[in-house]
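Peer 1: A single structure is presented below for examination.
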Amino acid sequence: MGAAHTAPPAGSLLRFENVTVCFDELEALHQVSFEMRAGETRVVLGAAGSGKTVLLKTALGLIKPDAGRVFLFGHDITNVPERDLFDIRSQVGVLFQEGGLFDSITVAENVAYPLVNRKTHTVPASEVDSRVQDALRFVELEHTLDKYPSELSGGMRRRVGIARAVVSEPPLVLYDSPTAGLDPITANTIMALIAKERDTQNTANLIVTQRYQDGQLMANFRYNRNRGYLEPVSGNGDAAGHGSNSTGTVFMVMKEGIVVFEGTQAELEASSDPYVIRFVPKYS
Amino acid sequence: MLDFLKSPVAAIQDFYVLAGRAVRNIFRTPHYADDIALQMDVIGVGSLPIVFLVSFFSGVVITMQMSRALSQYGATGQVGQIVAITLVRELGPVLTAVVVAGRNASGIASELGSMTVTEQIDAMRALGTDPIQKLVTPRMIATCFMQPMLTIIADFVGIFGGFLIARLSLGLSTSQYWTNAYEALKYNDIVQGLLKPLVFAFVISLVGCFYGLRTSGGTQGVGRSTTTAVVVSIVWVFMITALLTRIFVNLS
Ligand SMILES: Nc1ncnc2c1ncn2[C@@H]1O[C@H](COP(=O)(O)OP(=O)(O)O)[C@@H](O)[C@H]1O
Ligand SMILES: [Mg+2]
């Protein structure tokens, strides 16, 4: 790394520069570089164990890179001590693959957690309840306020996780495998919620997933606020809707810690790399 | 060449880092008083019945065994002294530590372990809470506070168990037993009898937290961490008691 370092330009939400993460002998990320800008949806595809979760945790500073740099909202977070990260992390919403819901407290307390635990940008106590209710209404779980996470189904827990991720209205939301382990119908409900969140709040999204359909939905559908449902984006796409990039969706494919593809959906579908096209179902 | 040493040395280093941060947090805000109180209840009050049982029967057994040996010298009357010294110096602290290690090192490791594998620890960090402040420090404080108390209780219950045998089976008088027991104890014995549980508590709680927080590999991993935490903390208890006893024996 050169000493003279240029900070990333404004509007950059998240930037990786040659990030390498090792666990003992294993390289979970190898020289990963990319940049996410405001309004962007980035879908990261990759087989199990390809380093998707590690990528997401590195973006939050939960895992420290062994080499390279990570910038969050233009701040270099690579070597920042944990205590000084809390402030910047509070601007990022995150849904963990395993949920990460605190099982000793109720659903409402879980969703309120980001609001009441922050050191800065605190929300007045009188507002917390209504914000929590709004967030739970958004995921259609307003009746579960006083339940404990263990009393909910897997899909409901994901939805609570989404409510907690977005309750503080962060400009950037990270989703780790939001549809893993769910049946296809529930998975679609979850993805529809994520798209709805993106299009009502204008957030940037980093979505890590094994399912190509998840990326396809994010790339080709927008939530129509007036009508209240998802509709295919029109524009420069072909009749089936793909090829259009008006949702600003970028695809990235990871293989064993290496980014093997980065580009639009059309480029992804045209790829000849056998690993990359494994993620693209064949169209009839 | 020394590669096989790399992982234990790294683990010990990580343990020191955790211990250092847990101790430093005592002097930092926020303090989670509710969590400390809850853990005191779980660790202290929860361990009482088993500490009672174990120490009572130890006192009974020591008295029965010793009375036979002492009767050869016609010194059965001195049994109170032996029971008191054995319990206060050694068995009280160690038996309590083994109970607390079995109940609480495992409890802590499995609780923090499940929180780790379900990414609750990551979520805590992501949402602005330091898991060491919120989870480790309260458990450490609670254990360090409760374990000396439990040990004192164990000492008394054990000596009382010995008294029942001395009175009912050996025919000693009440005052003979208790005076003998009381006069046997020196200042040095009390200090070592209270210092040991404090050190054990520190080690047991931190070993439990340490293995809990480094759990990986899902539900199976939680089981592994739990077992390791109990085994490692019990091994440490016996090594530390040997070391401390050596120091105190030299002192007197
Ligand atoms: N805390 C850890 N310790 C050791 N190895 C890890 C750890 N976290 C992840 N790994 C390894 O890093 C690789 C990438 O893992 P991960 O990012 O979780 O994959 P996925 O793409 O399925 O989310 C895997 O081989 C995994 O075993
Ligand atoms: Mg993963």
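The values are calculated or read from the model by the stated rules, or taken from the named source; none is laboratory data. Everything numeric in this text was worked out from a predicted model, so none of it was measured. Glycine also receives a Cβ, built like all others from the backbone with ideal geometry; neighbour counts cover every protein chain displayed. For the accessible areas, the whole protein counts, side chains as well, though only heavy atoms, and no ligand, DNA or RNA atoms are used. Shrake-Rupley method; radii C 1.70, N 1.55, O 1.52, S 1.80 Å.
Peer 1: Quick check on chain A: take the gyration tensor over C-alpha atoms, sort the square-rooted eigenvalues as a ≥ b ≥ c, and tell me if it's rounded (a/c under 1.5), prolate or oblate.
Peer 2: Working: a/c = 1.56, a/b = 1.11, b/c = 1.42.
Oblate shape, in that a/c is at least 1.5 and b/c is the bigger or equal ratio.
Peer 1: If you build a Gaussian network model of chain B, linking Cα atoms that sit under 10 Å apart, which residue out of B:136, B:231, B:51 swings the most?
Peer 2: Ranking B:136, B:231, B:51 by mean-square fluctuation puts B:231 first.
Peer 1: I've got another one for you. Treating only the Cβ atoms of Lys and Arg (+1) and Asp and Glu (-1) as charged, compute the dipole magnitude of the protein assembly as shown about its Cα centre; round to the nearest 20 debye.
Peer 2: 980 debye
Peer 1: For a quick check, take a GNM of chain A with Cα springs below 10 Å and name the residue from A:30, A:143, A:75 with the largest mean-square fluctuation.
Peer 2: A:143
Peer 1: Return the value, in Å² to the nearest 100, of accessible area buried between chains A and B (probe 1.4 Å, both sides summed).
Peer 2: Chains A and B together bury approximately 1800 Å².
Peer 1: Taking all protein chains together and a probe of 1.4 Å, list A:137, A:69 from the most accessible to the least accessible.
Peer 2: A:137, A:69
Peer 1: If the cut-off is 19 Å between C-alpha atoms, which lysines fall inside it for residue A:52, apart from same-chain ones fewer than 8 positions away?
Peer 2: The reachable lysines, counting only those whose Cα sits under 19 Å from residue A:52, are A:64, A:255.
Peer 1: In deg cm²/dmol, rounded to 500, what helix-only [θ] at 222 nm does chain A give when every DSSP H run of at least 4 residues adds -39500 (n - 2.57) and the total is split over its residues?
Peer 2: Rounded to the nearest 500, it is -9000 deg cm²/dmol.
Peer 1: Hey, if we sort B:144, B:209 by accessible area with the 1.4 Å probe, largest down, what's the order?
Peer 2: Largest accessible area first, the residues go B:144, B:209.
Peer 1: Counting only helical runs of four or more DSSP H residues, what would the 222 nm mean residue ellipticity of chain B come to if each run contributes -39,500 (n - 2.57) and the total is spread over all its residues? Numbers along the way, then the final one.
Peer 2: Details: 11 runs with 192 residues, N = 252.
That comes out to -25500 deg cm²/dmol.
Peer 1: If you rank B:134, A:52 by how much accessible surface each has, with a 1.4 Å probe, what is the order from largest down?
Peer 2: My answer, sorted largest first, is B:134, A:52.
Peer 1: One-quarter of the Cα convex hull surface for the stretch A:34-174, in nm²?
Peer 2: Taking the Cα atoms of the stretch A:34-174, their convex hull projects to 9.5 nm² on average.
Peer 1: As I understand it, the dipole of chain B uses +1 on the Cβ of Lys and Arg and -1 on the Cβ of Asp and Glu, about the Cα centre. Which of B:22, B:106, B:74 lies farthest toward its positive end?
Peer 2: B:74
Peer 1: What is the Cα centroid distance between the stretch B:225-249 and the stretch A:169-237, reported in whole angstrom?
Peer 2: After rounding, the separation between the Cα centres reads 54 Å.
Peer 1: Using the Kirkwood formula over every pair of different C-alpha atoms, what hydrodynamic radius in Å results for the stretch B:31-251?
Peer 2: Details: mean 1/r = 0.0541 Å⁻¹.
Every distinct Cα pair counted, the radius reaches 18.5 Å.
Peer 1: Which percent of the accessible area of the stretch A:145-281 is formed by carbon and sulfur heavy atoms (probe 1.4 angstrom)?
Peer 2: Of all accessible area on the stretch A:145-281, carbon and sulfur atoms account for 49 percent.
Peer 1: Starting from the coordinates of the alpha-carbon atoms of the protein assembly as shown, obtain the Kirkwood hydrodynamic radius over all distinct pairs and give the value in Å to one decimal.
Peer 2: Hydrodynamic radius (Kirkwood, Cα pairs) of the protein assembly as shown is 26.6 Å.
Peer 1: Continuing with this model, one more query. Return the sequence-ordered ³J(HN,Hα) values of the stretch A:137-152 in whole Hz as given by the Karplus equation 6.51 cos²θ - 1.76 cosθ + 1.60 applied to θ = phi - 60°, using x for Gly and Pro.
Peer 2: Whole-Hz 3J(HN,Hα) from phi for the stretch A:137-152: 5, 4, 8, 6, 10, 5, 7, 9, 2, 9, 7, 9, x, 5, 8, 9.
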